[in-house]
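Structure first, commentary second.
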Amino acid sequence: MDNFEKQIAPFNKLLDERKEKINSGSTKPLAKTFPVNQLAERLHPEKQFLQIYKIIEHGNESKSFYFKPNKNLGTEHLAYFRAGQYLSLRMHINNSYVTRPYAICSSPSDAMNDIYVLTIKLVKNGFATPYIWNNWEVGTNVEASAPAGNLYYQPLRDSKYIIAIAGGSGITPFYSMAKSILEGTEDTNLTIIYGSRTHDNILLGDELEDITKKTNKVKLVNVLSDENITGYEHGFISAEIIKKYQPADDYSIFICGPDVMYKFANKEIATLNLPAGKIRHELSGNFGTPYNELDYPEYARDKTFNLTVQVRDDKRIIKAKSNESLLIALERAGIEAPSMCRSGECGFCRSQLISGKAFTPDSIDGRRIADKEFGYIHTCAAYPLSDLTINVPIHDLAN
Amino acid sequence: MKTDYDVIVVGAGNGGLIAAASSAKMGHSTLLIERHNLPGGAATSFTRGRFEFEPSLHELAKYGSADNPGNIRKIFDWLGIDIDFKEVPDAYRVINTGKDGFDVSMPTGVPEFIKAMAQAVPGSGESIGKFFKIAVETAQAFSEMTTNPEQIDMKKIAKKYPSFMKYGTVPYQKVLDELQIPKKAQEILMAYWCYIGIPGDEFEFGYMAEMVVSYVALSAYIPVNRSHEISTALINSLQKNGGKVWFNTEINKLIVEDGAVVGVRTADKDIYAKQVIMNVIPDIVYSKMLDSKDIPVQEIKKSNARKIGTSGLLVYLGLNKSAEELGIKDYSTFIDDNWDSHYQFDHMKNIKDNGFFIMNCLNVANPGCSPVGTSILYATQLFFGDSWDNISPSEYPKLKDKIAEELITRYENATGINIRDNIEEIEIATPETFARYLRGPEGEIYGYFGQPWDQMIARTMSFVKEDEPIKNLHFCGGHGYLLDGYSSAYQSGLSAAKLANKKLSKETV
């Protein structure tokens, strides 16, 4: 045997072994799925088909919708979640395809029993809630995302004591947290400081009271802005009120509520000098207008621009108002565009800016560094400053 | 035959990105289709609060310096990828927290590495010197073999690199024994096994030695703005050369006509192409995207003979103190209480006592990666995905928090550095997370496990023969001929593009 043959022999042996192993492989069909992949589908399904089985009214302005999985459409079970997370609902309203993020009001244990509850407040001059009021009834099918969002108690990150600051329907994620503390799925202490205009505007007040009676780990402070009643704090949620009810020296603040409350509370909280990371928010799509941003370029105010939208090989030119996000422009035009958190954060609406200029307010700019560098935008948090062209991925989940 | 594109690439992971960008660069009309809304697969990033985290990359191999470029830098240059990389300052630190434990930091540069080893393990100098002599030759041979797997000349390689011929196919551990390297030095030299997930006593010397040399001699690199920057730059390159990308698009089926793949089917349309490159593990393609009548029996046998590779668990930490304030000096720290790689490997099969992990501090290699006064740490463990089989949805969140806490505790105990009081952001990825985003079977992140007959040498030498299991169909990715890892997947993408190109060129002649 010459030298090369000797040298190559172990390599040839390896190849022979490969051949032999493959030839003696089984011909049985390959597995289509595995337990870990099934766990992923249960925890993070691409979409969930829900059906309303009960509706409870809270006064004239709010309703709780009880959902079960719609097995006929393929949803066997509802996905588990962490108290504080939201669902993004997908709706077809008139000619628009829209999404709306709603925090889940029920608890993770309820989800294990295939129940979600969404408590929604009617916004009379809004777009989605009047539709919901007019159309949703027992038996209505609703399509939702998997649970998403980062406003939940993380024991390695958050203090053992949480102060929840809520306004209006922003109470819902905290109701879920309170309920899961009572049920023993979350091990933390929650002080809810809940701002409402009047006593009658308090949402889920009795239900929350009830929880505070059953566990001393949940406390409730109602703050009324338009009424002065004994036993209730009066005014807006201020640093003073937070300090008055702070449960311990070390605490985290979670905030969820309308834009106005959010901005006020943020200013107050800033005076408390908490370390970064101890203050966490869920904006739930309530950003408001870009015009109030300090660095908003005045020249674009109150303008309407031409927005050229490329989706795969199709191209359309639509109108985009400077005070509305590009996502809303897409939805107005009936384009099915991806979106989820509607607060700049999740990146589900990531699209490519081909030409033109868009404004992304700093406070909701959740883009990755490279996306800024290479001209990508989150349409839910981008406002047009000129005529522009964008490349939007299809929203195949809505197919 | 109607065709919409010359080349369709399915999957925008590292392999698919390079395959698509390269096809476009070679002048072919190219469509890249990706299920997710982002490019990159594992090569992405995510933001939490003030931090943008690196999800998966530890060390990009074969990038090299401008003066001494590695294969990957050459490919990036060719594709016009113009982004900044940082050289990882040191090789690694190994802490053995068990009996006869040790704590050693190894530098880059072969002479420096040998010197540090001689200090850590007196009397190891000579054997380590021998090791590197063989390893460097092996690395050269490997590079020649794997750069152009479509034209391997073993005679030439044998002539130039006799050491490679002698040791290449022998298990790494066995070679270290043969060289009489002291046990402690062997343990230190074993650290990188986890990047491929093959224990040292099964890992062919050729590949493992090549990896050691590549990191120690050429250094490792990381992109300044996380892997998402590389992936986005590759999309940019694809588009500049006339290629297209469709995100959020799932391929349900490969269209086969007369025994050849002629296109792909999405939810709403069929798209035809002359060549199709799949950056999807063959198991998924064969179980979900093809009718059984169209799949060669040999391919089913091959998939059944192979083993699914490992998955992982990562804990990402955004800390509200800087690395300096915390006293962190090392980029990569490998920690376990037992440094027998087979022991470590065996413990990847259960959740309870999987001891081996790596802690990275991104700021050490990339100081500006997080705001002033903060730092990014991430811990990595390997787990076989099936070790998570019996976890219920309601147990899942608590389990991942528990494992994260254990890792933090073990890091604190091993280094004396306090982490838990400084956590501003935390995220935890598990085999479930990888199953969700990457969709591999069992949440694999390393493709197929490298059984001896299914490691780099056997795969590389079989590469051309095993290409096109069905006419016009090629594969690339971390399950490819170079096994897992960014540089491996990139290289496999280029090779797939070359094979497709060859077929397309033949057609026009």
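Nothing in this text is a laboratory measurement; each read-out follows from the coordinates by a stated rule. Everything numeric in this text was worked out from a predicted model, so none of it was measured. Cβ: placed from backbone, ideal geometry, glycine included. Neighbour counts: every protein chain shown.
Hey, how many Å between the Cα centroid of segment A:200-247 and the Cα centroid of segment A:127-168?
Between the Cα centre of segment A:200-247 and that of segment A:127-168, the gap is 20 Å.
Roughly how big is segment A:39-144's charge dipole about its Cα centre, with Cβ charges of +1 (Lys, Arg) and -1 (Asp, Glu), in debye to the nearest 20? Let's see the in-between values first.
Working: 11 positive and 9 negative charges, 35 e Å.
The calculated dipole for segment A:39-144 is roughly 160 debye.
Between segment A:1-47 and segment B:86-107, what is the C-alpha centre distance in whole Å?
Between the Cα centre of segment A:1-47 and that of segment B:86-107, the gap is 33 Å.
What percent does the relative contact order of chain B come to when contacts are Cα pairs within less than 8 Å and at least six residues apart?
24 percent
How big is the Cα convex hull of chain A in projection, averaged over all directions, in nm²?
Working: hull surface 114.7 nm².
Directional mean of the projected Cα hull area for chain A stands at 28.7 nm².
List the aspartates and glutamates whose alpha-carbon lies under 19 Å from that of B:K86, not counting same-chain residues fewer than 8 positions away?
A:E373, B:E52, B:E54, B:E59, B:D67, B:D77, B:E229, B:E324, B:D330
In debye, nearest 20, what is the charge dipole magnitude of segment A:161-282 about its Cα centre with +1 on Lys and Arg Cβ and -1 on Asp and Glu Cβ, if you could check?
Working: 12 positive and 17 negative charges, 61 e Å.
Using only the charged Cβ atoms, the result is roughly 300 debye.
State, to one decimal in nm², a quarter of the convex hull surface area for the C-alpha atoms of chain B, i.e. the direction-averaged projected area. Write down the numbers at each step before the final one.
Numbers: hull surface 93.8 nm².
Approximately 23.5 nm², given one-decimal rounding.
Name the chymotrypsin sites (Phe, Trp or Tyr not before Pro) in segment B:281-356 that are in a loop by DSSP and that have at most 16 other C-beta atoms within 10 Å, would you? It would help to have the intermediate numbers written out before the result.
Numbers: sites: B:Y286, B:Y316, B:Y331, B:F334, B:W339, B:Y343, B:F345, B:F356; in loops: B:Y331, B:W339, B:F356.
Qualifying residues, ordered by number: none.
DSSP loop trypsin sites (Lys or Arg not before Pro) in segment A:64-154 with at most 13 other Cβ atoms within 10 Å of their Cβ, which ones? Numbers along the way, then the final one.
Values: sites: A:K71, A:R82, A:R90, A:K121, A:K124; in loops: A:R82, A:K124.
Listed in order of number, the matching sites are A:K124.
What does the charge dipole of chain A about its Cα centre add up to, to the nearest 20 debye, if the Cβ of each Lys and Arg holds +1 and the Cβ of each Asp and Glu holds -1? Don't skip to the answer; put the middle values down first.
Numbers: 46 positive and 48 negative charges, 129 e Å.
Dipole about the Cα centre, nearest 20: 620 debye.
Where Rh denotes the Kirkwood radius from the mean inverse Cα pair distance, what is Rg over Rh for segment A:39-144?
On the way: Rg = 13.3 Å, Rh = 14.1 Å.
In segment A:39-144, Rg relative to Rh is 0.95.
I'd like the distance between the alpha-carbon centres of segment B:364-399 and segment A:279-293, rounded to an integer number of Å.
29 Å
Can you say what percent of the DSSP beta bridges in the protein assembly as shown, counting only those with both residues inside, are antiparallel? Round to 5. Write out the running numbers ahead of the final one.
On the way: 92 of 142 bridges.
Percentage antiparallel, nearest 5: 65.
Filter the cross-link list A:K54/A:K124; A:K28/B:K2; B:K244/B:K302; B:K302/B:K400 down to pairs whose alpha-carbon distance in this structure exceeds 30 Å. Kindly include the intermediate steps, with their values, before the conclusion.
Values: A:K54/A:K124 22 Å; A:K28/B:K2 35 Å; B:K244/B:K302 33 Å; B:K302/B:K400 34 Å.
Flagged as over cut-off: A:K28/B:K2; B:K244/B:K302; B:K302/B:K400.
Helix hunt in chain B: which complete DSSP H runs extend at least 24 Å axially by C-alpha with mean Kyte-Doolittle at least -0.5?
On the way: long enough: B:125-147 (32 Å, 0.11); B:396-415 (29 Å, -0.96); B:486-508 (33 Å, -0.66).
The answer, listed by residue number, is B:125-147.
Run through all the Cα pairs of segment A:292-398 and give the fraction in each 10 Å bin from 0, expressed as whole percent.
16, 53, 29, 2
Averaged across orientations, what area in nm² does the convex hull of the alpha carbons in the protein assembly as shown project? Provide the component values of the computation, followed by the final result.
Values: hull surface 153.5 nm².
One quarter of the hull surface, i.e. the mean projection, equals 38.4 nm².
Under the definition of Cα pairs under 8 Å and six or more residues apart, what whole-number percent is the relative contact order of chain A? Write down the numbers at each step before the final one.
Numbers: 787 pairs, mean separation 52.2, N = 399.
13 percent.
For A:D110, B:D283, which order do you get if you count the other beta carbons within 10 Å of each Cβ and list the fewest first?
On the way: A:D110 19, B:D283 26.
Listing A:D110, B:D283 from fewest to most nearby Cβ atoms yields A:D110, B:D283.
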